[in-house]
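**Student:** Next up is a structure, given as structure tokens.
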Amino acid sequence: MSSSNLKQAIRLQREKLTAMLGEEMHQLAAKAAPLLESREQLNLLLSGTLPQLTYCKHLYIMDADGVQITDNITHEGKDTEHFGRNRMDRPYMQGIIGSTDFKLSEAYISRNKKRPSFTAIQVIRNENAKRVGFLGADFDLRELPGIMGTYQEPDNWRQIKGDPVIRSVVFNQQRAESQMDMHMDKVLPIMNELICDHGVFHSKLHFSSSRATLWLVDDPFSYRILSIDELIDPDICLAYPGHKYHERATVPVDKVMPIFELFRSLRFADENIYLRASSLNIINGMVGLTFSCDGSHYMRFDEFLEKSTDFWFGAI
């Protein structure tokens, strides 16, 4: 399942971050152990070390009870506001005692900046291996180095259930014929033309509200909204320059129209359960479907084409 793939990607990211931070934190904790009685010396130690921890926002030290005994050391200098603060109830301190000497917290929203952050905690031990304090290091997620490639969405079939209230009344409603329904013979060929010959790589048809949204390969950061009047006018193709079918497309050009025709079939196959919206991305080869019961499906185009309309009314 994609959720497990995503969790695995996050786990691997955390493992790399742990490897990057663990040894440096251990060495710094060892240097701090004999200095715990001196706030000034600890501040000097942290100030001298912080430049080596390029991505760290704050360094601080707590005593064995989780009470901060240094200032927050930042790249801008000392922040005295947090001296004496008891951090033992913070999420990143949970599970650190008795289980491990180093912990990388789960990501959380920081209390002050309200940004995704995480904290690394290293137990400080004296020469007798007794726990005498904690070293803390705070990181802003957006300032970390890119130690992994971007997570790649899997292309297996995904079904996502929608609003249970909508599902509960689905048989009390019937499809109302929309403007797009009445002009499907014009809409679908024009959509096919825009994708195959005018640079549209992602399109979404909103059947019930009679509109479409388009994304172009030459301007992928913006989307266009076409009304039904525009969708039934072949002149709309003049607004988008001719463009060769994109070389990265995973959907064969001769499969685009059959996909749209299957959208049509799912729209008209049943009066209670019907297609409300559908999307096609020719680059990643994914089809998206949202039905009147508010259930959504995402799957590869070839798998979609293999399934008959009978399949869908058992899968929804």
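**Student:** Restricting the first residue to segment 118-133 and requiring it to be under 17 Å from GLY22 (Cα atoms), which pairs with a second residue that is part of a strand (DSSP E or B) and acidic (Asp, Glu) meet a Cβ separation below 6 Å and a spacing of at least six or different chains?
**Tutor:** Every condition considered, the pairs that remain are THR119/ASP138; GLY133/ASP63.
**Student:** Further question on the same structure: With segment 105-182 as the region, which strands (runs of 3 or more DSSP E) entirely inside it contain at least 3 residues that are of a type in the set (Asp, Glu) and either surrounded by 17 or more Cβ atoms within 10 Å (Cβ to Cβ) or at pLDDT below 60 (or both)?
**Tutor:** none
**Student:** Inside segment 63-76, can you point out the residues that are under 34 Å from the mean Cα position of the chain (by Cα) and closer than 13 Å to GLY136 by Cα?
**Tutor:** Once the filter is applied, which keeps residues that are under 34 Å from the mean Cα position of the chain (by Cα) and closer than 13 Å to GLY136 by Cα, segment 63-76 yields GLY66, ASN72, ILE73, THR74.
**Student:** Answer yes or no: is there a residue in segment 255-271 that is of a type in the set (S, T, N, Q), within 19 Å of GLN174 (Cβ to Cβ) and in the same structural domain as SER203 (by TED's automatic domain parsing).
**Tutor:** yes
**Student:** If I ask for residues that are out of contact with any His (no Cβ under 9 Å at 6 or more places or on another chain) and basic (Lys, Arg), which ones from segment 264-314 would you list?
**Tutor:** Residues satisfying the conditions are ARG264, ARG267, ARG300, LYS307.
**Student:** Sticking with this one: Take segment 86-102 and flag every residue that is more than 21 Å from ARG125 (Cα to Cα) and over 32 Å from the mean Cα position of the chain (by Cα).
**Tutor:** Listed by number, the list is empty, since nothing qualifies.
**Student:** Please note which strands (runs of 3 or more DSSP E) are completely contained in segment 46-102 and include at least 1 residues that are among the hydrophobic types (A, V, I, L, M, F, W, C).
**Tutor:** Counting at least 1 such residues, we get 56-63, 72-74.
**Student:** Moving to a separate point now. From the set of residues in segment 282-301 that are of a type in the set (S, T, N, Q) and surrounded by 19 or more Cβ atoms within 10 Å (Cβ to Cβ), which is nearest to LYS255 (Cα to Cα)? Even if it seems obvious, please write down each step before you answer.
**Tutor:** Taking segment 282-301 and keeping what is of a type in the set (S, T, N, Q), we get 284, 290, 292, 296.
Pick out the ones that are also surrounded by 19 or more Cβ atoms within 10 Å (Cβ to Cβ) and you get 290, 292.
Numbers: THR290: 21, SER292: 26 Å.
Going through the qualifying residues, I end up with THR290.
**Student:** Also: Would it be correct to say that ASP79 is surrounded by fewer than 16 Cβ atoms within 10 Å (Cβ to Cβ) and under 33 Å from the mean Cα position of the chain (by Cα)?
**Tutor:** No.
**Student:** For residues that are in a loop (DSSP other than H, G, I, E, B) and in contact (Cβ under 8 Å) with a residue 60 or more places away in the chain, scanning just segment 201-211, find the one that is farthest from PHE304 (Cα to Cα).
**Tutor:** Among those that are in a loop (DSSP other than H, G, I, E, B) and in contact (Cβ under 8 Å) with a residue 60 or more places away in the chain, it is SER208.
The values are calculated or read from the model by the stated rules, or taken from the named source; none is laboratory data. What you are looking at is a predicted structure, and each value in this text was computed from that prediction instead of being measured. Cβ atoms come from the backbone with ideal geometry, glycine included; neighbour counts cover every protein chain shown.
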